[in-house]
Amino acid sequence: GAGVSQSPSNKVTEKGKDVELRCDPISGHTALYWYRQSLGQGLEFLIYFQGNSAPDKSGLPSDRFSAERTGGSVSTLTIQRTQQEDSAVYLCASSPPANTGELFFGEGSRLTVL
Amino acid sequence: ILNVEQSPQSLHVQEGDSTNFTCSFPSSNFYALHWYRWETAKSPEALFVMTLNGDEKKKGRISATLNTKEGYSYLYIKGSQPEDSATYLCAFPPGGNKLVFGAGTILRVKS
């Protein structure tokens, strides 16, 4: 597709369950980011992948959160043993090499933990 | 973590009004300043990426200025329209890679 694709668009889960969120970036984009927006908060950085370099995981809020990027393309964000405070919109963005740094965002995955 | 601050938090204006918001950021080790617009149920989209002190950028009725020495940027909307209603985010890349976002300014334009 032409843009960043995320799935699912909406996910409702019970506290304690694991969830996986998927991001398919724009073809050719080497950088991939995960952000989240909790209710009433700004966009919070989670993790950043750039090419084959080790990812910058400095924004992951706890060890229940992990992400991988397979083959330099699709990324999966996994949240284990979900808690109510994990409820948020999870946004993925990608950017091409050697550009202005502009991010191209997906429409997000809205996670609700009951 | 270097903070990006935006004001006001929210703004309600009438159609046709002109308005402006502020983004302040650390002035040391400047790389770039980004503005994004995030409409409800859509993905955030880039408005401007500004890199030079004194930069002024314009897209239709929206323009932005940048002062890297004092660490602020203004976003202006001339003749606001209901379709301008959105959250306006600014972002700054400390270290030059990942963007740190402000909390945003929510704009509502009443017709």
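Laboratory data are not the source of any read-out in this text; all were calculated from the coordinates shown. Quantities reported herein were computed from a predicted structural model and do not represent experimental measurements. Every residue, glycine among them, receives a Cβ derived from its backbone with ideal geometry; neighbour counts consider all protein chains shown.
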Open item on the list: Cut-off under 17 Å on the C-alpha distance; same-chain residues fewer than 8 positions from B:LYS58 excluded. Which lysines are left, in chain and number order?
Closed with: B:LYS78
- [ ] Once you've got the GNM for chain A with C-alpha springs shorter than 10 Å, pick whichever of A:SER58, A:SER75, A:SER95 has the biggest mean-square fluctuation.
- [x] A:SER58
Task: Stokes-Einstein diffusion coefficient of the stretch B:29-78, Kirkwood radius over Cα pairs, 10 °C, 1.306 mPa s, in µm²/s - done: 138 µm²/s
Open item on the list: Given Cβ point charges of +1 (Lys, Arg) and -1 (Asp, Glu) and nothing else, what value in debye, to the nearest 20, does the dipole of chain A about its Cα centre take?
Closed with: 180 debye
Task: ³J(HN,Hα), Karplus 6.51/-1.76/1.60, whole Hz, each residue of the stretch B:24-40, x for Gly, Pro - done: 10, 8, x, 8, 8, 6, 6, 10, 6, 9, 10, 10, 10, 10, 10, 8, 4
Task: 3J(HN,Hα) from dihedral phi, the stretch A:61-67, Karplus parametrisation 6.51/-1.76/1.60, rounded to Hz, x for glycine, proline - done: x, 7, 6, 6, 9, 8, 8
Open item on the list: Counting other beta carbons within 10 Å of each residue's own, what order do A:LEU39, A:LEU46 fall into, fewest first?
Closed with: A:LEU39, A:LEU46
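Let me spell out the model: positive unit charges on the Cβ of Lys and Arg, negative unit charges on the Cβ of Asp and Glu, origin at the Cα centre of the protein assembly as shown. What dipole size does that give, in debye rounded to 20? Walk me through the numbers on the way to the answer.
Working: 21 positive and 22 negative charges, 20 e Å.
That gives a dipole near 100 debye.
With charges set only on the Cβ (+1 for Lys and Arg, -1 for Asp and Glu), what does the dipole of the stretch B:1-67 come to about its Cα centre, in debye to the nearest 20? Display every interim value, and only then the final one.
Working: 6 positive and 7 negative charges, 35 e Å.
Roughly 180 debye, rounded to the nearest 20.
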Task: Volume of the Cα convex hull of chain B, divided per residue and given in Å³ - done: 91 Å³
Open item on the list: How large is the direction-averaged shadow of the alpha-carbon convex hull of chain A, in nm²?
Closed with: 6.8 nm²
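In what order do A:TYR48, B:TYR31 fall by count of nearby beta-carbon atoms within 10 Å, going from fewest to most? Each step should come with its number before you reach the end.
Values: A:TYR48 21, B:TYR31 14.
Ordered from fewest to most neighbouring Cβ atoms within 10 Å, A:TYR48, B:TYR31 come out as B:TYR31, A:TYR48.
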TODO: Enter the Cα centre distance for the pair the stretch A:4-62 and the stretch B:1-72, rounded to the nearest angstrom.
DONE: 24 Å
Task: Neighbour-count ranking [beta-carbon atoms within 10 angstrom, fewest first] of A:ARG69, A:ARG110, A:ARG81 - done: A:ARG81, A:ARG110, A:ARG69
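Taking the convex hull of the alpha carbon atoms in the protein assembly as shown, what volume per residue do you get, in Å³? Intermediate results must be reported in sequence, preceding the final value.
Details: hull volume 27.8 nm³, N = 225.
In the protein assembly as shown, the Cα convex hull volume per residue is 123 Å³.
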TODO: For the stretch B:103-111, just list the computed ³J(HN,Hα) in residue order, Karplus coefficients 6.51, -1.76 and 1.60, θ = phi - 60°, integers in Hz, with x standing in for Gly and Pro.
DONE: 6, x, 10, 8, 10, 10, 10, 8, 8
TODO: Identify which of A:ALA54, A:ALA31, A:ALA88 has the largest mean-square fluctuation in a Gaussian network model of chain A, with springs joining Cα atoms closer than 10 Å.
DONE: A:ALA54
